[in-house]
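The values are calculated or read from the model by the stated rules, or taken from the named source; none is laboratory data. Every value quoted in this text rests on a predicted model; they were computed, and no experiment measured them. Heads up, the Cβs are rebuilt from the backbone with ideal geometry, glycines too, and the neighbour counts pull from every protein chain shown.
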Amino acid sequence: MKKVAVVGAGVAGLSAAIYALKSGFEVTLCEQNKTAGGFCTSWRRGGYLFEGAIHWMTGTHPETPIYGMWKDTGALNESVKIHLNEPFKSAEWEGQVASFYRDVNKTKENLLSISPEDEKRILRLVNDIKMLSRFNRPLSDIKGVKTQNPKRRFRITPDLLPAFFTALRLYKTTNAKYMEKFKHPAIKWLFSTISGKFSAINRLFTLGILSTGDGGYPEGGSLGMIARMTETFETLGGKLLLNTKVKKVNIQNKEVTGVTLENGFLPADAVIVTQETTAAMDQLFDPPLREPWMKRLRKTIRPTVTTFIGVGIRDVLPETQIPVWKLEKPITYAGMTETSLGFYNYAGYEGYAPQGCSSLTTWFTGDTYEFWKQAKEEGRYKREKDALADQVKEALCRKFPRLEGKIDVIDIATPLTFERYTGSHHGSWMTMFYKGDKLKAFPGYCKNIKGLYFAGHRIMPPGGLPIALDTGRRAAQMVCRQFDAVFKTR
Ligand SMILES: Cc1cc2nc3c(=O)[nH]c(=O)nc-3n(C[C@H](O)[C@H](O)[C@H](O)COP(=O)(O)OP(=O)(O)OC[C@H]3O[C@@H](n4cnc5c(N)ncnc54)[C@H](O)[C@@H]3O)c2cc1C
C-alpha cells in the first residue's frame, strides 16, 4: 500500500488525510500541537470558552455541494444542529441600528425604515445579493483523476451569466465606493464594518451565501467539528501523530521520500503539506523550492492578520451580535487606532460560560505582527496586551455601564499567538481581495518534484474553512492521479 504523510492536522490536513484513506492509501497525519484543528479551535480561560474560528461556515445547508464534503469527512451530519442567528451583522449609529440579515427581505425592510431616501440603492443592494446567491460554490474534480462518482467540472451556464456580470462589477469596485453611494450615515457605518479598501465582492458574496440559508454555526463549534473529523480519520484506520513537528520534507532525485520529524524519519511515497504555504516554503525545504507559482503567491497575497479578544462577563446581553458602535475614545494598540467595537455573543449557547455569564469575542484586523514580535523581544509583550485589555474593558463599561465590575476575563491572542500555534505567516488565516485582485487558485503541486502537494487556506483565495476542506480534497485527488488510484468519497 502506498504511504502518504500529511503535514498538519487543521481542516485541510484532516480533509486530505480522510480522502486519501478512503481512496486506499496508508496515511500518517503529523500535527505539531497536542490537539488537531489548527486555526479551527476554541479555548477556555477562567471558565469561559472562546470560539476561535467558526463564526459562519459555508456548506452547512444540506443541499450545497460543500455540505457533501463536510459529510464525507465526518465534520457534519444530520444530527449536528445548525444555528442560523439573525441578524448577521449590525452597526449602531447615533442610536439607530442598521443590520444585514440572512433574510435579504429583512435587510431591505430594516434599511428602508432607516433611510427611505436610499431606496434606489437599497433595492440595488438587494438585487446584487440575490444575484450572488445564485453562485452555489461549485466543486470540481482535478484534471486526469479517476473518480468513484461522476466527474464534476465547473461551467458558467447561461442562467448564471447575469450573476457572473454582477460579480465582475462588484469585484472591480471597492467597499468604500459601494458604500459612498448611500446617503444615510447609519448605512454607511454598517458597510464600514469591513475595510473600504477591500473589493465590494467580499461582503456581498457572503451575504449572497447567507441569503440561501447556508453559512450557519454548527452546534459545538470548532471543537465539536474537529473532534468528529478526527474520529472519522481514526475510525478509518489513519494514524494521527500529535506533538509531532515536521522539520523537513525530504526530496531525493526530484521525488519525495518522506518527512523528517524531531525524533526520526517517516518514509512516504507522497507528502501533502498543509502548513500555511508561504511559511512552509521557507521552513520545510532545503534547498528552497523554485516553482514559478510560489513566487507569484508570495507577491500577490494579502493575508488577513488579526488580534483576537475574548471577554468573559458576569451578565447576559440579549443580542447574538452586539452591534458595532463608534467609540467615544478610540482604542490604540500596536500602532493602530480602532474607532469602533462590536462583539459576537455566545450567551445563547450552552457550555460557553458559567450560568448567568456570557462569552464575547471580537478581533481587530491589521498586520501588527512586527510590533508584537518586538514587544516580546523587549520584554513588554504582556504589558502591551494588558494595556489593550484595559482599553477594551473601559470601552465596554462606557457603552454598557451595567458591566462595571462584572468583567471576569479578557484574553488576547496576538498574531504571534496564532503564528506559534499554527506556523502560519504572521499568524494569517485567510486572504482578502482588493479591487481587481486575481481570484485564481495556485496549483498546489510542483512540476519537477514527484509526490509533493500543498493544501490549505493560502492556496486558494479567499481561504477560510471550506477552502481548507476543498484544497485538502484536491490534494488527495492529486495523490490518486499520481498512483492511478480511484478517488473515493465513501
Ligand atoms: C479569528 C478567526 C475567525 C475566523 N472565522 C472564520 C469563519 O467564520 N469562517 C471560516 O470559514 N473561516 C474562519 N476563519 C478561518 C479558518 O479558521 C482558517 O482559514 C482555517 O481553519 C485554515 O485551515 P488550514 O487547515 O488551511 O490551516 P491551519 O488551521 O493553519 O492548519 C495547519 C496545521 O498544520 C500544523 N502545522 C504547521 N506546521 C507544522 C509542522 N511543521 N509540523 C506539523 N504540524 C504543523 C498547525 O499546527 C495546524 O494544525 C477564522 C480564523 C480566525 C483566526
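Numerical summary
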read-out: From 274, 257, 244, 235, residue being of a type in the set (Ser, Thr, Tyr) and in contact with a helix residue (DSSP H, G or I) (Cβ under 8 Å, 6 or more places away or on another chain); value: 274
read-out: Qualifying position, being more than 29 Å from residue 300 (Cβ to Cβ), of a type in the set (Asp, Glu), at pLDDT below 95 and outside the structural domain of residue 297 (by TED's automatic domain parsing), among 384, 378, 350, 394; value: 350
read-out: Residues located in segment 96-111, provided they are surrounded by 15 or more Cβ atoms within 10 Å (Cβ to Cβ) and of a type outside the set (Lys, Arg); value: 96, 97, 98, 99, 100, 101, 103, 104, 107, 110, 111
read-out: Number of the exception - residue 441 against (1) outside the structural domain of residue 284 (by TED's automatic domain parsing); (2) out of contact with any Leu (no Cβ under 6 Å at 6 or more places or on another chain); value: (1)
read-out: Filter result for residue 435 (in contact with a strand residue (DSSP E or B) (Cβ under 6 Å, 6 or more places away or on another chain) and within 29 Å of residue 462 (Cβ to Cβ)); value: yes
read-out: Matching residues, segment 379-436, being free of Cβ contacts under 8 Å to residues at least 12 places away in the same chain and either crowded, with 21+ Cβ neighbours inside 10 Å or over 17 Å from residue 368 (Cβ atoms) (or both); value: 379, 390, 397, 401, 404, 405
read-out: Residues located in segment 219-232, provided they are within 13 Å of the ligand (Cβ to nearest atom) and either in contact with a helix residue (DSSP H, G or I) (Cβ under 6 Å, 6 or more places away or on another chain) or of a type in the set (Ser, Thr, Tyr) (or both); value: 222, 229, 230
